[in-house]
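All remarks here apply to the structure that follows.
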Amino acid sequence: KVPVEGVHVGQSDDLIDVARKKTGRNLFIGKSTHNFEQALAAQHEGADYIGFGPIFATPTKPDYQPIGLKQIESVHRNVALPIFCIGGIKI
């Protein structure tokens, strides 16, 4: 077993419950989401948090249009999970 506290799965990876069974441990499991519907689905699947984005244009996600800040507000109001914004964020 790898000594980690959590794992993160993408949209084409296993569902959250399958990932939990595979780890055999009580880990934090997050899921990548790219729109409101995927964020709700991740919550329904039992994710502990979501990665949401890309918020802004980024070369690492060339196949996805930037979501923008208004979508974050909508997800925040309707999804009771921690949200980690990803994509094109410069601090």
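Would you work out which of V7, F52, S74 lies farthest towards the positive end of the dipole of the chain, given +1 charges on the beta-carbon of Lys and Arg and -1 on that of Asp and Glu, about the Cα centre?
Towards the positive end, the residue furthest out is V7.
Which one is right for this structure if Cα extents along the principal axes in Å is calculated from it: (1) 63, 40, 22; (2) 37, 28, 24; (3) 32, 32, 21?
This structure yields the entry labelled (2).
Can you compute 3J(HN,Hα) from phi for each residue in the range 11-20, using the Karplus curve 6.51 cos²θ - 1.76 cosθ + 1.60 with θ = phi - 60°, rounded to whole Hz and x for Gly and Pro?
Working through the residues one at a time gives 5, 9, 8, 4, 5, 4, 5, 5, 4, 4 Hz.
Please return the longest range in the chain lying between exposed loop sites, taking trypsin sites (Lys or Arg not before Pro), DSSP loop only, at most 12 other beta-carbon atoms within 10 Å, and leaving the sites out. Don't skip to the end; give the middle numbers.
Details: sites that count: K1, R25, K90.
For trypsin sites (Lys or Arg not before Pro) (loop position, at most 12 other Cβ atoms within 10 Å), the longest site-free span of the chain is 26-89.
Restricting to lysines 8 or more places apart or on different chains, can you count the pairs in the chain with Cα atoms under 20 Å from each other?
Numbers: K1/K21; K1/K22; K21/K31; K22/K31; K31/K61; K61/K70; K61/K90; K70/K90.
The result is 8.
Can you tell me the dipole magnitude for the chain around its Cα centre, using point charges on the Cβ only (Lys, Arg +1; Asp, Glu -1), in Debye to the nearest 20? Show your work: numbers first, answer last.
Values: 10 positive and 9 negative charges, 40 e Å.
The dipole magnitude comes to about 200 debye.
Working from Cα positions, state the angle (0 to 90°, nearest 10) between the long axis of helix 69-78 and the longest principal axis of the chain.
Value to nearest ten degrees: 40.
Students often check this: by mean Cβ neighbours within 10 Å, which of 45-54, 8-17, 60-69 ranks highest, and how do the rest follow?
In decreasing order of mean packing, 45-54, 8-17, 60-69 become 45-54, 8-17, 60-69.
Only the coordinates and a few stated rules stand behind these numbers; no lab work does. These numbers were taken from a predicted model, which means no experiment stands behind them. As a convention, Cβ positions derive from the backbone with ideal geometry for all residues, glycine included, and neighbour counts pool all protein chains shown.
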